[in-house]
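Structure, as structure tokens:
The values are calculated or read from the model by the stated rules, or taken from the named source; none is laboratory data. Because the structure is predicted, anything quoted here is derived from the model rather than measured. FYI the Cβ positions are ideal-geometry reconstructions off the backbone, even for glycines, and counts take in every protein chain you see. Note: areas computed on protein heavy atoms with side chains; ligands, DNA, RNA excluded. Shrake-Rupley method; radii C 1.70, N 1.55, O 1.52, S 1.80 Å.
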Amino acid sequence: MYTVPKLTDYSAAALDKAVAELLGALEAEIKALTADSDLRSFRDRWLARKNGVLAQVNELWLKPAPKDAKKLVGARVNQLREVVQPQVERLSLYDLVDSRKPGLDRLREEDWKQRRQSVLELRWAAERLDITLPGVRRPLGAQHPVIRTMNEIVAVFRNLGYSVSEGPEIESDYYNFESLNFPPHHPARDMQDTLFIGGQESKALRERLLLRTHTSPVQIRTMEKMKPPLRIVIPGKVHRNDPPDASHSPMFHQIEGLAVDTNITFGDLKGTLDHAMKALFGSRVKTRFRPSFFPFTEPSAEMMVSCFICGGSGKRGSEPCRPCKTTGWIEILGCGMVDPNVFEFVKHNGYDSKKVSGFAFGMGADRIAILKYGVDDIQLFFQGDVRFLEQFR
């Protein structure tokens, strides 16, 4: 009858030999079993927690193994457990059919031989599987198209010397509106446009919490901490009370930028954004600006780029170009010179509007990803459908 030997040699060859001897002993014992054998004793001999063969392997091989051999021995012990345990347990199940239990007949000898053979075949199949080989590799994922787009935009501005700033998604009214020159009666403060946290009626207006509607609060928070000159780009999630449809979502992504220094002009703004758009969409892309209004910039503008899908022609072959609505131009972001009223909130930290100036800009990363990848429904970005996301590997 097999007894687990103590090991003095922990080399791979010696371990393989010891494993082979143990498995050979198991096979011999299985072949010696008959329908009249006491299968429960057989199971206990191999699987008993205290003195079973597998327990002795753990005690006599793994525990006394030198530190540098632990990993190798542990692999062999696990290999034995994965091979021995299912074979012994499968045979032991047949002990439930016992003549000592009323109403049951002992297995016929030919049935027993057939089932015992299936267990031996299981062992042979296990021996053909070398568990030391590398396993099946799990497929690697890829960046979400929106995250990939955000990273590309951020990389462009990092190359221009901008640093990345981030801030909380739950903001106060002060940082989200007041310090950005939104007057108290501005419609953006209405709950129909902004998602406010409930139960704050007793708080002062500037202290009430909400889900930020843009990443602009990070501009104020950063200027409170850092003195000019300043150049930052701000990626992040924002929230607005918009019902979801093909072009709207209550949660989406923005990237904003802020540059503050002495003698910054609108020409600096135009040159910076023109370079960024060419880096993102190709050197042939043209840019143009048209007047607009934002509470925190003055003057303000919307920047458009020539359609990088149809090349500015407004047509895709004989069909009209839908992304640019046949105009040959796509509105891509809002921008402008920082309003002096905004600097008043951080004047104590060196932002005197008589000494410094700056520009700011903001764009929707989801919108740019839609244009870049030809997606016709923004909801596809947030539904988590693997079939859709696998296209962007």
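For Thr326 paired with Ser292, estimate the spin-label separation in nm (one decimal), with each label point 7 Å from Cα along the Cα-to-Cβ line.
My value for the distance between the label points is 2.5 nm.
Starting from the 7 Å offset along Cα-to-Cβ, what nm value, one decimal, do you get for the label separation of Ser318 and Ser163?
5.8
As a test question: what accessible area, to the nearest 10 Å², does Phe252 have when a 1.4 Å probe is rolled over all protein chains in place?
Here the residue's solvent-accessible area equals roughly 40 Å².
When only the heavy atoms of the protein chains count and the probe is 1.4 Å, how do Ser41, Ser318, Ser216 rank by accessible area, highest first?
Largest to smallest exposure gives the sequence Ser318, Ser41, Ser216.
For the chain, can you list the cysteines whose C-beta has no other cysteine C-beta under 4.7 Å from it?
Cys335 - these cysteines have no disulfide-compatible partner (Cβ-Cβ under 4.7 Å) in the chain.
When only C-alpha pairs under 8 Å and at least 6 residues apart count, what is the relative contact order of the chain, in percent?
13
What does the extension gain come out to for Leu380 and Arg206, with contour length at 0.36 nm per residue minus their alpha carbon separation?
Length gained, Leu380 through Arg206: 59.0 nm.
Among His239, Tyr351, Ala65, pick out the residue whose Cα is farthest towards the positive end of the charge dipole of the chain, where Lys and Arg carry +1 and Asp and Glu carry -1 on C-beta, about the Cα centre.
Checking the options against the dipole of the chain, the answer is Ala65.
So if I place +1 on the C-beta of Lys and Arg and -1 on the C-beta of Asp and Glu, and nothing else carries charge, what would the dipole magnitude of the chain be about its Cα centre? I want it in debye, nearest 20.
860
For region 301-393, which whole percent of the accessible surface, found with a 1.4 angstrom probe, sits on carbon and sulfur atoms?
Within region 301-393, the accessible surface is 47 percent carbon and sulfur.
Give the carbon-plus-sulfur fraction of the accessible surface of region 170-216 in %, rounded to a whole number; probe 1.4 Å, heavy atoms of protein chains only.
Carbon-and-sulfur percentage of accessible area, whole number: 57.
Considering only Val375, Ile147, Ile330, whose Cα is most displaced toward the positive end of the charge dipole of the chain, charges sitting on Cβ of Lys, Arg (+1) and Asp, Glu (-1)?
Ile147
At 222 nm, what helix-only mean residue ellipticity would the chain give, in deg cm²/dmol to the nearest 500, using -39500 (n - 2.57) for each DSSP H run of four or more?
When only DSSP H runs of four or more count, the value is -11000 deg cm²/dmol.
Using θ = phi - 60° and the Karplus curve 6.51 cos²θ - 1.76 cosθ + 1.60, what whole-Hz ³J(HN,Hα) does each residue of region 318-330 get, with Gly and Pro shown as x?
Rounded to whole hertz, the list is 9, 9, x, 7, 6, x, 9, 6, 6, 8, x, 10, 10.
Take the Cβ-Cβ distance between Asn241 and Phe266 as r, set R0 to 35 Å, and report the resulting FRET efficiency rounded to the nearest 0.05.
0.60
Calculated from the structure, semi-axes √(5λ) of the Cα gyration tensor in Å equals which of (1) 47, 33, 17; (2) 47, 24, 20; (3) 72, 26, 23?
After the calculation, the listed value that fits is (3).
Within a Cβ distance under 12 Å of Thr215, other residues only, what is the Lys/Arg minus Asp/Glu net charge?
With Lys, Arg at +1 and Asp, Glu at -1, the net is -1.
Under a plain spin-label model, where a point goes 7 Å from the Cα along Cα-to-Cβ, how far apart in nm are Lys63 and Arg148?
5.4
Which whole-Hz ³J(HN,Hα) couplings does region 237-244 yield from phi under the Karplus relation 6.51 cos²θ - 1.76 cosθ + 1.60, θ = phi - 60°, glycine and proline marked x?
Taking θ as phi minus 60°, the curve returns 8, 9, 9, 9, 7, 10, x, x Hz for region 237-244.
So how much slack lies between Asp44 and Asn78, counting 0.36 nm per residue of separation and subtracting their Cα-Cα distance, in nm?
10.4 nm
Find how much the distance from Met191 to Glu390 grows on full extension, using 0.36 nm per residue of separation minus their present alpha carbon separation; answer in nm with one decimal.
Full-extension gain reported as 67.9 nm.
When each pair of different Cα atoms in region 283-362 is counted once in the 1/r mean, what is the Kirkwood radius in angstroms, to one decimal?
By the Kirkwood definition, the hydrodynamic radius is 14.4 Å.
Say R0 is 51 Å: what FRET efficiency, to the nearest 0.05, do Thr34 and Arg138 get from their beta-carbon distance?
0.65
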